Every structure is written in structure tokens, then in C-alpha cells.
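Reviewing the structure listed below.
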Amino acid sequence: MSAATNARRGRPDLEIIALEQGAHTSYSACGIPYVVGGSVGGIDDLVVRTPQEFRDQHRIDVRTRHRVTGVDLSARRVEVRALDQARTLHLGFDHLVLATGARPLRPDVPGVDQDWVHGVQTLEDAAGLLAAAASGRCRDVVIVGAGYIGLEMAEAFVDRGARVTLVDRRPYPLGSVDEPIGSRITEVLEGYGVTVRCGVDVKGIGDHVVETSDGSLVADLVVLGTGVTPNSSLLIDAGVAAGAKGAVRVDHRQRTSVEGVWAAGDCADVFHQVSKERVHIALGTVANKTGRVAGLNIGGRYASFPGVLGTAVTRVCEVEIARTGLDSAEADRAGIEFVVGEAVSTSRAGYYPSAVEVLVRLLAEKGSGRVIGGQLIGADRVGKRIDVVATAMVGSLTVYDLVDLDLAYAPAIATTWDPFQVAARDAIRKLGSLR
């Protein structure tokens, strides 16, 4: 819908049809765990704009409950199944935008398709989870996958009074951070009442039991947080070139390999500004920005998307976790030699009553000292400090530059030396230079 509205602003003459297989448009799937946990009042609160608002305000012909089943690039038309009318339509196009997002990865194990095994992707998923939670039968909940959604759903069901077990095959939660941060996440979850079972594979789901490589777990409900894969098959099967991890390959203007065919959001790949590689990163911020770029170009203007850093933040059990750029494993894969600056600091001046501990890590390239990544964990609303590191990377700053940044300080708000500046000083020591 970001692409559609931006195309409309540039070209009032366009006929714009938006096809959606679900019942909703323009909603925040990221908010589903907070609805389930009770922090957000209800599903309707997650809807930013309804289909009727797009029709009335932007003259966009939104057709919900319409599933695109095929794309014919030679004939320049799509095949559409109108689900409520049980009929098939064929619509021609001059421009086609694929914004089908990503689909949840479901473990290839017996029993995963049972109706008490839920994904967390759409508002229909949210309704199913709320119904299950309201039934009073969710005493034991197993969360499979310790990514962002898995962590947030674990907290949500603890808040609902359930016994929650979090299972992940990786050695620690949130695989996009380094081990010291991951280990701290485990401590936080266990302190909140979540049983964490990492390094464990799910082997199958039986009659309200989850079979793992480390024994059986009783479960009234199973929630899948095992990540996503690009929902790109419509265009790939039609002959459009594939990119990173099976996503649609696009250029800096969101154009695919076929003229007049565009892709944006989680179904498309992106350029990583640090590794300089094409990657697939499924984040709402990236989806909105790339949709805007596609729409501006279709609307006759010129726009480009410079790429991503993978900047992300979440709050779990009152503790915020944030990361940007490359973690250690990603830097190794990219062939970048680096040092890690570490710091244990506080969210405010250490003597201030509400100050809490903050653990940060800062990755710097050997030789140049270029900042290539950062991570943090701590309470007291420290998560947005990661934006300083993200900005530093966009500006190609080094740890030497970061140390000298004129950042704000007041005892009730921040420390004299920002935690990332302390980590930068540590990185400089490890680089062997004090210039």
C-alpha cells in the first residue's frame, strides 16, 4: 500500500488495483505479540488504514479476499481467484508490484499442521492466538524458535499466566547477536519465568506433546517463531530473476529483471551497506521504505533505496535488545577482519536511582577502524542508542570518530561517556592505536 499511495501522488491518472488475499490492508503484524499479551487493546488497533479508506482517500481499488494465483509476463496479466465469489479473473497490467511479504518457515516435522499449532504472521493468526488464549486451556505453551517473534510471544504468554518453554536449535536466543548478548537474553527470560531450551531440535508434534532431541514437552498450544522465507514464487515461477535466499532480485529502484515489474518488502532482496552483498532481511521498516521507492518511480519521479544495515530493536521482559550492521559470524562470512570493543555501562549516571546496567558490543574493522556493527542489551529505554551506531556506519565513521562525537549528557538521562563510546575506546585499545 506504500507503493500504491506513492504512485497515486505522482500519477493522478493511474488506475490502481490492489489485490489482497486476506481481509485487511496496511496493518502492523509486529504488534501481534502485544495484542496477545494484553498491552494493546485489540486486533483493530493494529490496522493503520482500512480498504475503504484507500478507496475514498486515494482512489485505489482495493480488492480483499482476492488471491493472485499466476502471472503471465508475456501477456502482461495476472490470474486472480476471488475467494468469496469462487470465480477466477484475469487482469492486465502496465506495471505490476509484488509485495507479498514473507511466509513463516514451518519445521518439516510430523504434526506441524495441527490446528493447535499457530504461526504469527497475519491478523487472522492473531485472532486464532487470542481465541486459544481466551479458551482457558493454554496452561502449557511451547514456543518453537527464539527469534524476535519467539521472544515476544514467550513474554506474552507468561503475562497470560501460562507455563512457557522456548525451544531453539541454536546455542542461544536471537541468532543475529553474539554469544555474550545471547547468554544475557537467556538469563532475562529465565528470570521472567520462561524455560529456555537452546541447542534442541524439534522432532515432531504429537497429541499435545512436542517431541524434541532433549525429551518430550507437554503443550496445550504451540507457537511457531522459526523465521520466514521470501514469498516470491509468483514472480520467480513466471521467469523473473531470483536474488538472495530465493527473494526477487531488484535493483536500487526496486525494478526486477522484467521491465514494468517491481518488487518491494519482504519478498525482495536488498543491498547490505556493510558487507556489500545482496541479502534478505525481513523488517517492517525496510518494507515501508522499499514500497515507497517503487511507488515514487511508478509515479514518474526518481527514487532509489541505498540499502540496509539490519538495524532492529525489541523489548523482552522489560529489557531492550538492539543490533545493527554485522555480528561476528556475519563479519567472518564477509571476510572482514575485526576487533570487538565491549563495555558494561549504565543507562544513566551510575549514582542516579533508576540507573541500570547496559552491556554493549561494537565491531570495528582491523586497519581502518571502520564501525561495522553494534549490539546492546539493557533496560531503562536504552534500545534506541543503537541508532547512533547505525548512523555512524552510514557516515562511514571509525571508532576514532565515534569516541569524539558530541553526544548529549545529563545524569538523569545518560552517562558522561555513552556506552558505545566506552566500547569504542576498548576497540581502539585492541586495534593498537590511540590516534
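The values are calculated or read from the model by the stated rules, or taken from the named source; none is laboratory data. Remember, predicted model here, so these are calculated numbers, not experimental data. In this analysis, Cβ positions are derived from the backbone assuming ideal geometry, glycine residues included, and neighbour counts consider all displayed protein chains.
Can you confirm whether Gly341 is more than 20 Å from the chain's Cα centre (by Cα), small (Gly, Ala, Ser), over 17 Å from Tyr148 (Cα atoms) and part of a strand (DSSP E or B)? Reasoning before the result, please.
Details: more than 20 Å from the chain's Cα centre (by Cα): yes; small (Gly, Ala, Ser): yes; over 17 Å from Tyr148 (Cα atoms): yes; part of a strand (DSSP E or B): yes.
Answer is yes for this residue.
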**Request:** Take region 339-367 and flag every residue that is among the hydroxyl-bearing types (Ser, Thr, Tyr) and at pLDDT 95 or above.
**Result:** Ser345, Thr346, Ser347, Tyr351, Tyr352
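Just to verify a result, which residue in region 368-382, among those that are of a type outside the set (S, T, N, Q) and in contact (Cβ under 8 Å) with a residue 60 or more places away in the chain, is surrounded by the fewest Cβ atoms within 10 Å (Cβ to Cβ)? Before you say what the answer is, go through the steps one by one.
Step one: of region 368-382, the residues of a type outside the set (S, T, N, Q) are 369-374, 376-382.
If we keep only those that are in contact (Cβ under 8 Å) with a residue 60 or more places away in the chain too, we end up with 369, 372-373, 376-377, 379, 381-382.
Working: Gly369: 22, Ile372: 26, Gly373: 28, Leu376: 28, Ile377: 27, Ala379: 18, Arg381: 11, Val382: 26.
The extreme case among them is Arg381.
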**Residues of region 206-251 satisfying the condition of being outside the structural domain of Ala75 (by TED's automatic domain parsing), of a type in the set (D, E, K, R) and in contact with a strand residue (DSSP E or B) (Cβ under 8 Å, 6 or more places away or on another chain)** = Glu211, Asp214, Asp220
**Prompt:** Restricted to region 1-46, and to residues that are over 24 Å from Asp266 (Cα atoms) and of a type in the set (A, V, I, L, M), which residue is farthest from the chain's Cα centre (by Cα)?
**Reply:** Leu14
**Fill in**
Taking first residues from region 108-133 that are free of Cβ contacts under 8 Å to residues at least 60 places away in the same chain and second residues anywhere that are among the small types (Gly, Ala, Ser) and in a loop (DSSP other than H, G, I, E, B), the pairs with Cβ under 9 Å that are 6 or more apart or on different chains are Gly128/Gly119
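Just to check your reading of the model, which residue among Ile377, Ile386, Ile413 is in a helix (DSSP H, G or I) and within 19 Å of Val319 (Cα to Cα)?
Numbers: Ile377 fails: in a helix (DSSP H, G or I); Ile413 fails: in a helix (DSSP H, G or I).
Testing whether each residue is in a helix (DSSP H, G or I) and within 19 Å of Val319 (Cα to Cα) leaves just Ile386.
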**Message:** For region 389-410, give me each residue that is over 25 Å from Val319 (Cβ atoms), buried (at least 19 other Cβ atoms within 10 Å of the Cβ) and in contact (Cβ under 8 Å) with a residue 40 or more places away in the chain.
**Reply:** Val399
**Message:** When you check Val40 against the structure, is it in contact (Cβ under 8 Å) with a residue 12 or more places away in the chain, on the phi < 0 side of the Ramachandran plot and of a type outside the set (Asp, Glu), yes or no?
**Reply:** no
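Scan the helices (runs of 4 or more DSSP H) fully inside region 1-120 and keep the ones with 3 or more residues being closer than 22 Å to Ala134 by Cβ.
Values: elements: 2-10, 32-37, 51-58.
The qualifying helices (runs of 4 or more DSSP H) are 32-37.
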**Message:** If the requirement is being surrounded by 22 or more Cβ atoms within 10 Å (Cβ to Cβ), in contact with a strand residue (DSSP E or B) (Cβ under 9 Å, 6 or more places away or on another chain) and not β-branched (Val, Ile, Thr), which of these qualifies: Ala334, Ala343, Ala364, Ala355?
**Reply:** Ala364
**Asked** Are any residues in region 83-105 surrounded by 14 or more Cβ atoms within 10 Å (Cβ to Cβ) and of a type outside the set (A, V, I, L, M, F, W, C), and if so, which ones?
**Response** His95, Thr100, Gly101, Arg103, Pro104
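Which ranges mark the strands (runs of 3 or more DSSP E) fully within region 212-325 that have 1 or more residues being aliphatic (A, V, I, L, M) and within 30 Å of Glu155 (Cα to Cα)? Before the answer, list the steps.
On the way: elements: 215-218, 221-224, 228-230, 261-263, 312-316, 319-325.
Those strands (runs of 3 or more DSSP E) span 215-218, 221-224, 228-230, 312-316, 319-325.
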**Message:** Just to be sure I understand the filter: pairs with C-beta atoms under 8 Å, separated by 6 or more residues or on different chains, first member in region 334-360 and at positive phi and assigned by TED's automatic domain parsing to the domain that holds Phe420, second member crowded, with 19+ Cβ neighbours inside 10 Å and assigned to a loop (DSSP other than H, G, I, E, B). Which pairs pass?
**Reply:** none
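Looking only at residues in region 215-263 that are of a type in the set (A, V, I, L, M) and under 30 Å from Arg139 (Cα atoms), which one is surrounded by the fewest Cβ atoms within 10 Å (Cβ to Cβ)?
Val218
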